[in-house]
Amino acid sequence: MRKQIVAGNWKMNNDLKTSKSLVKKIIKKLKNNSLKNTRVIVAPTFVSLEKVSKKVKKTKVEVAAQNMHQAKSGAFTGEISAEMLESVGVNIVILGHSERREYFCETDAILAQKVDTALKNNMEIIFCFGEILEDRKSENHFNVVESQLKNGLFHLEATAWGNIILAYEPVWAIGTGETASPEQAQEMHAFIRKIISNKYNRDVAENVSILYGGSVKPANAKEIFSKEDVDGGLIGGAALDADNFVALVNSF
Ligand code: PEP
């Protein structure tokens with residue numbers, strides 16, 4: 001049975017002190033929640049990873065990095081490798097976020113390399129993808145999503161999919177306050193499962209968690225998360241507040 005997941009992407013927010021205090025509050029508020037089939041993940045900036053990762057030890061909260069370089073080491077000023085993440089206790093990484101694709105020119109080809117490096121290091125990947133508004137308006141969104149998945153992930157063997165979490169994030173809904181309707185999210189998630197099933201098999205498609213991302217808030221989460229093929233959310237803005245974030249975790 002696939003897991004429900006709520007993952008908070010803190011982006012370039014929270015210094016070390018704020019990061020430690022936010023994760024502490026989240027842990028406290030989740031203390032009495034059994035989280036039977038739900039995973040809770042937070043993704044602070046690189047500078048806070050080590051401390052936050054120490055804080056979540058022996059708790060139900062997990063920590064992810066927001067990015068990672070594809071090379072093992074070398075002359076890549078400002079970058080962080082998979083082994084470096086591992087050395088501070090992090091083995092989950094978000095790859096392909098639309099902000100990385102847009103502002104840092106991360107192409108499908110680069111992302112495929114990052115995926116391979118992460119898997120080689122036994123990391124779990126939250127792989128993000130989604131169409132821009134023009135694609136949605138011109139009804140090209142299914143093609144865009146299919147091509148992002150094919151180019152970034154479909155070179156993998158079926159067995160590798162145990163380490164993949166998908167995050168469908170329509171770019172027009174990220175940080176805009178505009179959410180895809182629960183029906184639009186369900187329609188796309190069902191499509192994603194169908195193309196994975198066609199490429200691999202039903203088992204792979206049914207076992208992969210597919211998160212929705214884009215202006216998810218406590219007010220709209222229940223309806224979105226209740227859809228059959230939506231297994232939770234990748235959360236930006238609402239993940240910066242412990243009450244909101246925990247309310248999302250409690251929205252299943
Ligand atoms: C995101 O950046 O992944 C995201 C979904 O942001 P927000 O929730 O703020 O739209």
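The values are calculated or read from the model by the stated rules, or taken from the named source; none is laboratory data. Please read these numbers as outputs of a predicted model, since none were measured by experiment. Neighbour counts are summed over all protein chains in view; Cβ atoms, including those assigned to glycine, are modelled from backbone coordinates with ideal geometry.
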Looking across the range 56-100 at residues that are in contact with a strand residue (DSSP E or B) (Cβ under 8 Å, 6 or more places away or on another chain), away from the ligand (no atom under 16 Å from the Cβ) and assigned to a loop (DSSP other than H, G, I, E, B), the single one that is farthest from Thr38 (Cα to Cα) is Ile80
When every residue in the range 1-32 that is assigned to a loop (DSSP other than H, G, I, E, B) and in contact with a strand residue (DSSP E or B) (Cβ under 9 Å, 6 or more places away or on another chain) is compared, the one nearest to Ser53 (Cα to Cα) is Trp10
Residues of the range 114-129 being out of contact with any helix residue (DSSP H, G or I) (no Cβ under 8 Å at 6 or more places or on another chain), crowded, with 16+ Cβ neighbours inside 10 Å and in a helix (DSSP H, G or I), in sequence order, are Lys114
For the range 49-58, does any single residue satisfy the condition of being hydrophobic (A, V, I, L, M, F, W, C), surrounded by 21 or more Cβ atoms within 10 Å (Cβ to Cβ) and closer than 23 Å to Thr159 by Cα?
no
Given the condition modelled with pLDDT of 95 or more, under 17 Å from the mean Cα position of the chain (by Cα) and away from the ligand (no atom under 16 Å from the Cβ), answer yes or no: does some residue in the range 9-30 qualify? no
Turns out the helices (runs of 4 or more DSSP H) fully within the range 130-208 with at least 2 residues that are farther than 21 Å from Leu119 by Cα and either under 18 Å from the mean Cα position of the chain (by Cα) or in contact (Cβ under 8 Å) with a residue 40 or more places away in the chain (or both) are 141-153, 182-199
